1. Using the basic label-point model (7 angstrom from Cα toward the beta carbon), what is the residue 143 to residue 58 distance in nanometres?
2. Counting only the backbone N, which residues of segment 63-98 are under 16 Å from the spot 7 Å out from the Cα of residue 112 toward its beta-carbon?
3. So how far apart, in nm, are the two label points at residue 43 and residue 120 if each is 7 Å from Cα heading toward Cβ?
4. If I stretch the segment between residue 70 and residue 14 completely, what's the gain in nm (0.36 nm per residue apart, minus their alpha carbon distance), one decimal?
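Nothing in this text is a laboratory measurement; each read-out follows from the coordinates by a stated rule. The structure displayed is predicted, hence computed values, not measured ones. We place every Cβ from the backbone using ideal geometry, glycine too, and count neighbours over all the protein chains shown.
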């Protein structure tokens, strides 16, 4: 009889512990709501071009934004890299019309967009990988590791 009561007390203690943990989890709150990452707006001056680069599902971090013009006495280009939220500012541009596009390692260049300094310009990042960049990465990796990609004649 004593053995049965010990078992019953252990079982009751176990269930009480489980109930206490469940109650603590319920009082702590449910899972936090999931929010899509949204990039903050970019503030630009009269001689700047700025905006946000977005990919298929989120802002594009670490891609290059290039502004280029031939309206000046010599060809002029400036390049910046987006921050973690996909924001960029190309500062202090001479007055001219610019072609602006996005480039990234392993990405196809985005279409060029015409704009002028002092304008906000949000750009899309191309979601596809170019065949040439895959070949370039493979070639670089083979050279770096010494793998020729050909079968050895010493097998």
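1. 3.3 nm
2. From segment 63-98, the list is 65-79, 96-98.
3. 1.3 nm
4. 12.4 nm
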